[in-house]
Amino acid sequence: MDISAALSPPLRRPPLPAPPGYWRLAAGHYSVLLHRRGLFSALLLSVLLLLCSGISLSAGSTSLSVQQALLAAVGIGSKMHLFLIQELRLPRLLAAALTGIAFGVGGCLLQTLARNRLATPGVIGIDDGATAFAVASIVAVPTSLAPSYLALTGAATATALAFGLGGGAGARGYRFIVVGLGIGALFGAVTNLMLARTDIDSANQAYPWTVGSLNARPEEAVLMLAVGLLLCLPVAKYLAGRLALMRFSDAVACGLGVRLAMTRILVLTVTVVITALAVAVAGPVGLVALMAPELARYLCGQQGVPVLNAGLAGALIMILADLVGRTVLAPIEIPVGVITAVVGGPYLLWILLRRPHRSGQ
Amino acid sequence: MPVTSIVSARRQRSLLTFCSAWLALLAVTVVASLLMGAGQVSPARALAVLTGNQDHDARFVVYELRGQRTLLAIIVGMALGAAGTLLQSATRNPLAEPGLLGVSAGASFAVVLAISLGASAATVHFSVAIIGAMVGCLLVLLVTQVRYVGDDPVRLVLAGAAFSAMLGAITTLMLLFDQRSADEIRFWVIGTLAGRSSVALWWSPPGILLALALMTLLVRPLAALALGEHIATGLGHHPRLIRLLTLLIVAVLVGIATAVAGPIAFIGLIVPFVARAQTGSDIRRTLWLSLLIGPTLLLLADVLSRLAVKPYELPIGVITAMIGAPVLVAVVRSRRLPTL
């Protein structure tokens, strides 16, 4: 009896129970853990996002009912409605959502990498670098596509300078950020220099890039941003897992099998690319990158690196800010960058003045 | 002769050397400022006027236009240099700078607000700018009292940057409503010395001189404060009172400077940095040196701003940012921030 029992094939071990707060989804040998709270907050953010999108489509100088707006978006309605929605509001909504996602994801990645919640692309001068180069492209090489490419170059330059001079991200924290601040000031001065030199027409054309606006953005730039996000988001999601391990000390992360240098370079590349493409669309609306990850972390709890939720939160903030800017003082339109700065400034101060958490996370 | 007095004698001599060197440099920049840019008068013609030629047009350009502007630059430079040194000493923070901490931004914002509410008199601009600077200084004082922030120079700068960015956004917002005064406001948003009214010339020197005279009373207490609060108290000073008075004087200096030239950042950072590099961190030396370095640097920046993009003129704030940003990076990068 005993012998036959011993010879029988070993029973398959029952799967480990999912850790608290997670769901385990299994199919055969493969399984994934789903963070319950993260999932719920993604759902919540998506619902809010849809709601705001609907309102944003319907609100404006000619206000439609939400139903009319949605029908027009899929091609049903009067000619005027179709033009209003499909030519004006839908592209703008899309631009807002895409730039919001880009800023949110970029901010979340960089904050986690630098272990400092103030280290967002806007604060360390990446936005200013991209802006300076984008303005240069309007003043010197006037084409519609050039700003995107040049913004990319500018963002890369600013990042390289900030990290090179600041001695890399990591434990040095605030020092690196103030170096970025100086670089941002330098690029800002260069932008002003260029605007002072050119004729008033070019200067007006370049103006949206200096405040951050979603009014009549170039379609090519939006398209490039969409393609860039499509390529970068999966990478960002993958990197989030690596970054979650890098929150421990370098030695521990190394022991867990994270290739530190490689991950850092990839994170920086992804951040620079999506931030620059977003700046090429909307100008420097950097404070979204500060607020969105914070909102996402608040909703998701402190575990993990909520990259995608930060993207959703960024899109939500962008769409809301644009909606407010378009409607509150109509017919005057407030640039979206001004709205986020008015809201984001006090928020930044609050982060600085309250008691800091451990290692900024 | 005791060792300390020998050392101090040597220091005194070196301070004297540096002072005369900067004075000479200042004289050179004054002449350069009179000879170059701002008005269609060539350097050779301007030189002829300076040596006694009775060329009326050129006389007007050199003495009225460039002369006034040079005088304003000297006044503003002294004010900003001294304000930077005082603020750094009072907050014991080598990065404290009226421009970076939002004091200048507060002053210019107050003026923009006043203009958009309908004020147009230059005297109103002066008083409003000073009040704005005072509020800005008060905020700085409050922020330095917050734990974790007051001790961390770099954090304080970030807070100032956030504050300035917010004020800038609100200013843009006000500009959207009021296109009419946009031109008038634009000057208060970016610093420049071009085309200032003669009212500024009448009002600013007495105010600045008064503030500088009061400042001399604070030098010794501030030097004591540099030894630490306990020691300063033990020496019979009142740290809180000293800080408050210092910030008051900084507010007056920055307020007047902003009323004259708009917000100019980074001068108050570079000047004490250079002064400390030459004579050490004792405020009894750096303050006097900064009164000479400030005007020299500002005049230099002003001359550059006239020559850089001829025939246009560049706002001087752009030039100071281009000089100052690398200095900021250098200060932050230096292995240990100099403690004050």
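Tabulated results
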| read-out | value |
| --- | --- |
| For A:Tyr22, distant residues with modelled amide H under 5 Å away | A:Arg36 |
| Gain upon complete extension [B:Ala330, B:Leu210; 0.36 nm per residue less C-alpha separation] | 39.8 nm |
| Karplus 3J(HN,Hα) series, Hz, for region A:278-284 with 6.51 cos²θ - 1.76 cosθ + 1.60 (x for Gly, Pro) | 5, 5, 5, 8, 10, x, x |
| Karplus-derived HN-Hα couplings along region A:149-154 (A = 6.51, B = -1.76, C = 1.60, θ = phi - 60°), whole Hz, x at Gly and Pro | 4, 5, 4, 4, 4, x |
| Difference of contour (0.36 nm per residue) and Cα-Cα distance, A:Phe248 to A:Leu39 | 72.8 nm |
| For chain A, built as a Gaussian network whose Cα springs stay under 10 Å, the top-fluctuating residue of A:Ser148, A:Ser65, A:Ser31 | A:Ser31 |
| Summed residue charge, Cβ within 15 Å of A:Arg92's Cβ, Lys/Arg positive, Asp/Glu negative | -1 |
| A/B buried area, accessible surface, summed, 1.4 Å probe, Å² | 3300 |
| Candidates B:Gln68, B:Gln88, B:Gln54, ranked by Gaussian network fluctuation over chain B, Cα under 10 Å, top entry | B:Gln54 |
| Residue of B:Gly228, B:Gly52, B:Gly106 that the Gaussian network model of chain B assigns the largest fluctuation, springs spanning Cα pairs under 10 Å | B:Gly52 |
| At most 11 other Cβ within 10 Å, DSSP loop - trypsin sites (Lys or Arg not before Pro), region B:250-340 | B:Arg335, B:Arg336 |
| Degrees between helix A:200-211 axis and first principal axis of chain A (Cα, 0 to 90, nearest 10) | 30 |
| Region A:43-160: C-alpha gyration tensor shape, a/c 1.5 cut-off, then a/b vs b/c | oblate |
| Dimensionless Rg/Rh of the protein assembly as shown - Kirkwood Rh, Rg from C-alpha atoms | 1.05 |
| Region A:17-75 versus region B:67-145: alpha-carbon centroid distance in Å | 48 |
| For region A:181-243: rounded, prolate or oblate by the Cα gyration tensor [a/c cutoff 1.5] | oblate |
| Chain B: DSSP helices with Cα axial extent of at least 30 Å and average Kyte-Doolittle hydropathy no lower than 0.0 | B:3-35, B:68-91, B:122-145, B:153-177, B:198-225, B:239-261, B:283-307 |
| Within chain B, longest stretch free of exposed chymotrypsin sites (Phe, Trp or Tyr not before Pro) [DSSP loop, at most 16 other beta carbons within 10 Å] | B:149-311 |
| Amide proton proximity set for A:Gly122, modelled H, under 5 Å, gap of 5+ | A:Asp127 |
| Chain A: C-alpha gyration tensor shape, a/c 1.5 cut-off, then a/b vs b/c | oblate |
| Amide H within-cut-off set for B:Val309, under 5 Å, with H built and near neighbours excluded | B:Leu314 |
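The values are calculated or read from the model by the stated rules, or taken from the named source; none is laboratory data. Please read these numbers as outputs of a predicted model, since none were measured by experiment. Cβ atoms come from the backbone with ideal geometry, glycine included; neighbour counts cover every protein chain shown. Only protein heavy atoms, including side chains, enter the accessible area calculation; ligands, DNA and RNA are left aside. Shrake-Rupley method; radii C 1.70, N 1.55, O 1.52, S 1.80 Å.
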